[in-house]
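This report refers to the structure that appears directly beneath it.
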Amino acid sequence: MLKKLIALSLVIGLLAVTTGCPSKDKDKKGTGKTGTGAGTGTGTGTGTGTGTGTGTGGDVEKPALKLTGPESIELKQGGELKVTLKLERTKFADEATVTVEDLPEGVKVNDKEVKFGKGKNDTTFTLKAEKTAKEGEKEIKISVKGGEDLKAEIAPKLKIVK
């Protein structure tokens, strides 16, 4: 602020000298156009501007996966059931692999491999129970893996009935 005041004072002084403000001391020719000046002043101003910038942090979305599917599954002994899964993707469009774990004895995934294709958001797989699969309910784990470190999982209850 002080620098602005000094600059403004110098400008006012220069204007006084160059615009011909009369001086007490006239030169020898009596023109009255020589002299020196100084001053002080204050002022306010407004302005507008534009700018660009880069930054890091906060709201930058990272790649992520969110898996959704049934909360519970009921499967008959000796039966088969298609299970549908959905995948929400954030900044990740490549293939993702599904695994199903902790199945009760006598129950298996009937498909060779289960995947969400590149850019696909839904897939299905088939559970098959043997006729001898034990009745009851058990939490199973269904997970999806994409890339090197993207993972998501759900844990529905699988109920085996007669």
### Summary
Pairing a residue in region 143-156 that is closer than 11 Å to Lys66 by Cβ with any residue that is aliphatic (A, V, I, L, M) and surrounded by fewer than 15 Cβ atoms within 10 Å (Cβ to Cβ), where Cβ atoms lie under 9 Å and the two sit 6 or more apart in sequence or on different chains, gives Leu150/Ala64; Ala152/Ala64
### Message
Test of understanding: among Lys86, Lys108, Lys91, Lys82, which residue is modelled with pLDDT of 85 or more and on the phi > 0 side of the Ramachandran plot?
### Response
Lys91
### Task
Look through Glu153, Glu148, Glu113 and report the one residue that is open to solvent by 80 Å² or more (accessible area, probe 1.4 Å) and at pLDDT 95 or above.
Glu153
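Going through Thr68, Thr123 one at a time, which residue ends up being open to solvent by less than 80 Å² (accessible area, probe 1.4 Å) and touching a residue at least 40 places away in the same chain (Cβ under 8 Å)?
Just one listed residue meets the conditions, Thr68.
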### Message
Suppose we filter region 126-145 for residues that are under 36 Å from the mean Cα position of the chain (by Cα), open to solvent by less than 90 Å² (accessible area, probe 1.4 Å) and over 19 Å from Asp94 (Cβ atoms); how many remain?
### Response
4
### Message
Just to confirm my filter: which strands (runs of 3 or more DSSP E) fall fully inside region 70-162 and include at least 3 residues that are closer than 30 Å to Val60 by Cα?
### Response
80-90, 96-101, 141-146, 150-154
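The values are calculated or read from the model by the stated rules, or taken from the named source; none is laboratory data. The structure presented is a predicted model; accordingly, all values stated were derived computationally and were not measured. As a convention, Cβ positions derive from the backbone with ideal geometry for all residues, glycine included, and neighbour counts pool all protein chains shown. The area values use the complete protein model at the heavy-atom level, side chains included, leaving out ligands, DNA and RNA. Shrake-Rupley method; radii C 1.70, N 1.55, O 1.52, S 1.80 Å.
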